[in-house]
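Worksheet: one structure, shown below.
The values are calculated or read from the model by the stated rules, or taken from the named source; none is laboratory data. Predicted model, so just to flag it, every value in this text is computed and none were measured. Here the Cβ positions follow ideal geometry from the backbone for every residue, glycine too, while neighbour counts run over all protein chains shown. Please note that ligands, DNA and RNA were not included when accessible areas were found on the heavy atoms of the full protein model with its side chains. Shrake-Rupley method; radii C 1.70, N 1.55, O 1.52, S 1.80 Å.
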Amino acid sequence: MLMANANVYLPLLLLLSVLKHGQSASNYVQDACSVTRYRALCISTLAPFSSSAKTSPSKWARAGVSVTIGETKKVAQYLIKVKKYKEMSGRYRIPVSDCTECFQNAIDQLHGSLGVLRNLSAGNFYEQMGDVTTWLSAALTDQNTCMDGFENPKGKQAKMLRNRVLRCSYFTSNALALVNKLATSGL
């Protein structure tokens, strides 16, 4: 009789364990993203990192910057395509060219930030955090500078470009918030 009960309860215990782990992973990302301005975006894009990052501010900061690099590269590729095929001309020709340059700068700054986050040391921690926050702020400024050329976009293509750049700036803002959380919590 005892063995029969164990066979009934074992699957139930396994299910409860899986549900509890899933809930914990969800709590990890929600806690990490609680400091961000664009929380829903943060949660949806960083959820895959929950099982590895857990409660580590440094891992969440690296994840935030990594995801931001990916998004920034997508926008940069889109800008290059728009520029190459002259999909926008006239008043948008120069702003597209400026945006392309801004996004290349932003990618460089994001890569520099990720490189530092991968090699944090207790002895230089605050100096490293200063560098990373400066570079992320500069990347955000580059993205905002790009949007200046599309302040009141006319036409579907210009509006779509502005929306892509704006969304990318949300990723960068979230990454900066995660880095600031790391800077205040320490290693």
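Observations on the structure shown:
- Qualifying residue in the range 142-161 (condition: surrounded by fewer than 18 Cβ atoms within 10 Å (Cβ to Cβ), under 14 Å from E71 (Cα atoms) and either charged (D, E, K, R) or within 20 Å of the chain's Cα centre (by Cα) (or both)): no
- Number of residues in the range 89-110 that are surrounded by 19 or more Cβ atoms within 10 Å (Cβ to Cβ) and within 20 Å of N152 (Cβ to Cβ) equals 5.
- Counted as qualifying within the range 15-125 are the helices (runs of 4 or more DSSP H) with 2 or more residues that are aliphatic (A, V, I, L, M), namely 39-46, 57-84, 93-118.
- Summed over the range 140-170, residues that are more than 18 Å from S89 (Cα to Cα) and of a type in the set (D, E, K, R) total 3.
- A search for C-beta distances below 7 Å between a residue of the range 50-64 that is closer than 20 Å to L110 by Cβ and touching a residue at least 24 places away in the same chain (Cβ under 8 Å) and any residue that is part of a loop (DSSP other than H, G, I, E, B) and not polar (S, T, N, Q), counting only pairs 6+ apart in sequence or on different chains, returns S58/L120; S58/L187.
- Selection within the range 67-115 - in contact (Cβ under 8 Å) with a residue 40 or more places away in the chain and within 22 Å of D131 (Cβ to Cβ): V67, T68, I69, E71, T72, C102, F103, A106, L110, H111, S113, L114
- Inter-residue pairs, beta-carbon under 8 Å, first at positive phi and among the polar types (S, T, N, Q) and in the range 25-41, second open to solvent by 20 Å² or more (accessible area, probe 1.4 Å) and not in a loop (DSSP other than H, G, I, E, B), 6+ apart: none
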